[in-house]
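Read the structure below first, then the notes.
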2 protein chains.
Amino acid sequence: MTHFSSFAIVFTMNNSSFKVPVENRYLEDYEPGSVHEFGTISVKESDIIEFARRFDPQIFHTVPQAASHTMYGGLIASGWHTASLMMRLFVDHYLSGIASLGSPGVDELRWKKPVRPGDTLSLRVTVMETKRLRSKPDRGVLTSFIEILNQNHIVVMSMKAVNFLLCRQAS
Amino acid sequence: MTHFSSFAIVFTMNNSSFKVPVENRYLEDYEPGSVHEFGTISVKESDIIEFARRFDPQIFHTVPQAASHTMYGGLIASGWHTASLMMRLFVDHYLSGIASLGSPGVDELRWKKPVRPGDTLSLRVTVMETKRLRSKPDRGVLTSFIEILNQNHIVVMSMKAVNFLLCRQAS
């Protein structure tokens, strides 16, 4: 049972050259330079407020009326909410369900534009690099450039992510 | 009304040299080199699963039994959950309630150690730099090094954060 309210996945917008479905990908399936687009997730006002009350209770995230008097001119999503929505798309569509071993971190996380109630977000991921680990021949490192776009195709957030993945064939 | 389950703030552990309470701080109140400690938030298994089912449904975040057979040896929190819990402590104790204007992003976000059910997290923040903006004399940039520690005083996550803040006195 979950206490979270549901969020709507409006439709699935995929534009990806992966030959293997997400639940069966290994490091070899991520081709450097390839660009993949997936989506979408829509963001409701109630979701924004609910997340922010728990994790980021600043008035421009929690109180629509007060938010309208800030520099943002209205309610905007917590950046950590946007990052979490990104992760949902990333796990559903891009990151292997069988080979993912976790992540040591991300770099250059940027909140470029506000995310507002009613926005519909999609994911664009560029495979930057794959590198096998010499110390552990069954796995390697995947580096990805991640962008979240709104319904107007404007990038609202970006980051570079590192993930450890198993290889299909040990070197 | 919120659909999130409540989380327990077990006790407030403060070790901070701020002379002004969080709801009344301006850029001038953040002294470069000063180190501030605040806490705590405890992490329940049900919270980990609830967050991950919504935002990061990988089995080592959602299914305790399956997680015990992974490299982590048991359930661990999504890194985005840990980041969101960090933000709650950051907003409650460190970031000005009156002068905060939002953040353009963070750098070098690192998940150093797993966060597990029953862990109790606290926040350590080092003021790295404050810089007034020449273009807008009423505000400036605060750069902070943020660490989240568990109950054994081990750093589980760290990052560098940038925040825009109003100044008490325009330059």
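Could you list the square roots of 5 times each eigenvalue of the Cα gyration tensor of the stretch B:21-171, that is, the equivalent ellipsoid semi-axes, sorted largest first and rounded to whole Å?
They are 34, 14, 12 Å, listed from largest to smallest.
Using R₀ = 30 Å, calculate the FRET efficiency as 1/(1 + (r/R₀)^6) where r is the Cβ-Cβ separation of A:Ser34 and B:Ser135; round to 0.05. The computed FRET efficiency comes out at 0.15. Remark: chain A carries a charge dipole of roughly 320 debye about the Cα centre, counting +1 on each Lys and Arg Cβ and -1 on each Asp and Glu Cβ.
Surface calculation, 1.4 Å probe, protein heavy atoms: B:Arg139 sits at approximately 50 Å² accessible. Based on every Cα atom in the stretch A:115-171, Rg and the maximum pairwise Cα distance Dmax equal 15.6, 48 Å. At a Cα cut-off below 16 Å, give the aspartates and glutamates reachable from B:Lys112, other chains included and same-chain residues fewer than 8 away excluded. Once the sequence-local aspartates and glutamates are set aside, what remains near B:Lys112 is A:Asp107, B:Glu147. Rolling a 1.4 Å probe across all protein chains gives A:Leu75 an accessible area of roughly 10 Å². Over all other residues within a Cβ to Cβ distance under 11 Å of B:Asp107, the charged ones net out to +1, with Lys and Arg as +1 and Asp and Glu as -1. For the stretch A:76-140, the fraction of alpha-carbon pairs lying more than 20 Å apart is 40 percent, rounded to a whole number.
For the stretch A:84-171, the relative contact order works out to 35 percent when only alpha carbon pairs closer than 8 Å and six or more residues apart are counted.
Rounded to a whole number, what is D in µm²/s for the protein assembly as shown from Stokes-Einstein with the Kirkwood radius over alpha-carbon pairs (37 °C, 0.692 mPa s)? Working shown, then result.
Details: Rh = 20.7 Å.
It comes out at roughly 158 µm²/s.
Inter-copy label distances at B:Ser68, using a point 7 Å along Cα-to-Cβ, come to 5.4 nm with the shortest given first. Straight-line cross-link reach from A:Lys44 at under 16 Å between alpha-carbon atoms covers these aspartates and glutamates, not counting any fewer than eight positions away in the same chain: A:Asp119.
The values are calculated or read from the model by the stated rules, or taken from the named source; none is laboratory data. Owing to the predicted nature of the structure, the values given are computational and were not obtained by experimental measurement. We place every Cβ from the backbone using ideal geometry, glycine too, and count neighbours over all the protein chains shown. Each accessible area value is taken on the protein alone, full model and side chains, heavy atoms only, with ligands, DNA and RNA left out. Shrake-Rupley method; radii C 1.70, N 1.55, O 1.52, S 1.80 Å.
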